[in-house]
1. Could you pull out every residue, at least 5 positions away or on a different chain, whose amide H is within less than 5 Å of the one on Gln126? Hs are placed 1.01 Å off N in the peptide plane, and Pro or chain starts have none.
2. Sorted from fewest to most neighbouring beta carbons within 10 Å, what does the list Phe11, Phe49 look like?
3. So how far apart, in nm, are the two label points at Ile109 and Thr137 if each is 7 Å from Cα heading toward Cβ?
4. Can you give the extra length, in nm with one decimal, that the chain gains between Gln157 and Ala16 once fully stretched, where that is 0.36 nm per residue apart less the Cα-Cα distance?
5. In what sequence do Tyr104, Tyr73, Tyr144, Tyr177 fall when counting other Cβ within 10 Å, fewest first?
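Values in this text are rule-based calculations from the coordinates and carry no lab data. Bear in mind that the values here come from a model prediction, so they are computed numbers and not experimental data. Every residue, glycine as well, gets a Cβ built from its backbone with ideal geometry; the counts of neighbours run over all protein chains shown.
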Amino acid sequence: MQQPLTLIRAFGVVIALGIGTVALHGCGFQLRGYPSAVVQLAQSTELVFGTKPDDIMVKNALKRQLDLLALGYTDSVNDTAASHVPAASEVPRIQVDNIRLDTYQLRGILTEIRMVMSADVSYSVQQNGIWQNKTQTLQVQRSYQYDQASVATDNPQADQIRAWLADNLAQRIADQYVALLMPATS
């Protein structure tokens, strides 16, 4: 009598797990790194950056973001061409120019430092069969306090904040790119 009751419970758990899995997949839930609709929209993306250290830091952070989204990419060095008209066979493109890191200080007993990273970002994507170029200036910022009276002469927080700003800027670039790739809903 005990064995059929255990078998019924096990069968109920399996059914509940199956229904839960189907329900999560049906509502659009997806684990990071797994193929999605975005992959079908853009098989490869051309990344165009400069060669300065800040450019490389943001480019590497953007590559990590695109890897999480399972989007392919190719590297390209930024040329000085002012305007870019995509060809019919061209891949989508993200061009990042003029990456700037500004630091503002409010001095006192503790110095409050605000670091602002900004960049001019151009996206070339195909929407409804037509190539669209969108250009925006993106900006991220973070503030922290630094005690200049401390014994340490270096400021390790500045390097950590700089890396955080590059990661955050790359995440915003990737989020906007994915939004542009999605088909328009009516």
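1. For Gln126, whose amide H was placed from the backbone, the distant partners under 5 Å are Gln132.
2. Going from least to most buried by this count: Phe11, Phe49.
3. For Ile109 paired with Thr137, the spin-label model returns 3.7 nm.
4. Details: separation 141, 0.36 × 141 = 50.76 nm, distance 4.87 nm.
Contour length minus the Cα-Cα distance gives 45.9 nm.
5. So the residues, fewest neighbours to most, are Tyr104, Tyr144, Tyr73, Tyr177.
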